[in-house]
Amino acid sequence: MTRAYLGIGSNIGDTKKHIEDSIEMLRNNKKIEVIKISSKYETEPIGYTDQDWFLNVVVEIKTELEPYELLKYCNYIEDELKRKRIIRWGPRTIDVDVLLYGDYTSDDEKLTIPHPRMTERAFVMIPLYEIAKDIKVNGEDIKTIVDRLEDQEIKKL
Ligand code: X6L
Ligand code: MG
Ligand code: MG
């Protein structure tokens with residue numbers, strides 16, 4: 001069993017329901033055990049800024065799925081919750097990202113772990129820090145990374 005962290009975000013429709021439905025779909029997989037769920041955070045959009053604020057959470061799981069199987073299941077959740085890809089970095093009903101998978105690293109066009117540039121994003125690092133105070137990301141203590149983040153609006157619900 002490997003400990004992994006998933007980042008989940010939504011900014012279309014009933015965002016709270018989409019997040020809760022995605023977590024329910026994680027619980028429905030026999031090879032996934034949901035361990036911890038962060039608070040929900042309202043976060044300003046990053047990347048493509050002309051869109052609504054997001055609701056973001058981070059979830060800790062233990063899983064018997066291999067990294068690519070876990071990615072496939074995350075994509076399946078996105079398909080089931082009717083994610084449409086229209087604008088790059090644009091609005092979505094649900095986004096489920098594999099942030100970390102044990103100590104595994106991968107730099108491949110389909111799956112990069114740790115998730116690309118996650119350490120620069122308050123909407124990932126602040127919820128992650130809430131539930132994983134002692135981890136390192138890319139060899140650096142999470143506290144050091146979080147203390148360096150600035151200028152991104154994020155409100156804990
Ligand atoms: C320059 C160029 C600076 C690109 C930043 C940042 C691109 C983040 C994409 C970037 C850049 C992303 C969410 C979001 C997105 C989310 C919030 C992405 C992918 N997803 N904003 N923007 N929450 N608050 O889940 O992360 S698009
Ligand atoms: Mg994402
Ligand atoms: Mg994604």
> Residues in the stretch 50-73 that are of a type in the set (A, V, I, L, M), surrounded by 20 or more Cβ atoms within 10 Å (Cβ to Cβ) and closer than 20 Å to Arg88 by Cα: how many?
Replying inline: 1
> Which residues, taken from the stretch 61-89, are touching a Lys or Arg at 6+ places or on another chain (Cβ under 6 Å), farther than 22 Å from Met125 by Cβ, among the charged types (D, E, K, R) and more than 15 Å from ligand 3 (Cβ to nearest atom)?
Replying inline: Glu64
> Yes or no: Asp147 more than 15 Å from Asn56 (Cβ to Cβ), more than 16 Å from ligand 1 (Cβ to nearest atom) and over 16 Å from the mean Cα position of the chain (by Cα)?
Replying inline: yes
> Given the residues Val34, Val58, which is the only one that is within 16 Å of ligand 3 (Cβ to nearest atom) and under 25 Å from Lys136 (Cα atoms)?
Replying inline: Val58
>> I'm trying to understand the selection: among the residues of the stretch 1-45, which are part of a strand (DSSP E or B), in contact (Cβ under 8 Å) with a residue 40 or more places away in the chain and under 25 Å from Glu64 (Cα atoms)?
In response: Thr2, Arg3, Ala4, Tyr5, Leu6, Gly7, Ile8, Gly9, Ile32, Lys36, Ile37
> Here are some residues: Leu100, Leu70. Which one is touching a residue at least 24 places away in the same chain (Cβ under 8 Å) and over 12 Å from Gly7 (Cβ atoms)?
Replying inline: Leu70
> How about the stretch 112-139: which of its residues are assigned to a helix (DSSP H, G or I), in contact with a strand residue (DSSP E or B) (Cβ under 7 Å, 6 or more places away or on another chain) and surrounded by 19 or more Cβ atoms within 10 Å (Cβ to Cβ)?
Replying inline: Met118, Thr119, Ala122, Phe123, Val124, Ile126, Pro127, Leu128
> Is there a residue being over 18 Å from Cys74 (Cα atoms), in a strand (DSSP E or B) and acidic (Asp, Glu) anywhere in the stretch 140-150?
Replying inline: yes
> Does Pro91 satisfy the condition of being within 15 Å of ligand 2 (Cβ to nearest atom), of a type outside the set (Ser, Thr, Tyr), outside any strand (DSSP E or B) and crowded, with 20+ Cβ neighbours inside 10 Å?
Replying inline: no
> Within the stretch 26-44, which residues are crowded, with 19+ Cβ neighbours inside 10 Å and more than 16 Å from Tyr129 (Cβ to Cβ)?
Replying inline: Leu26, Ile32
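Throughout, read-outs are computed from the coordinates displayed, never taken from laboratory work. Since we're looking at a predicted model, the values are computed, not measured. Please note: Cβ atoms are built from the backbone with ideal geometry, for glycine as well, and neighbour counts cover all protein chains shown.
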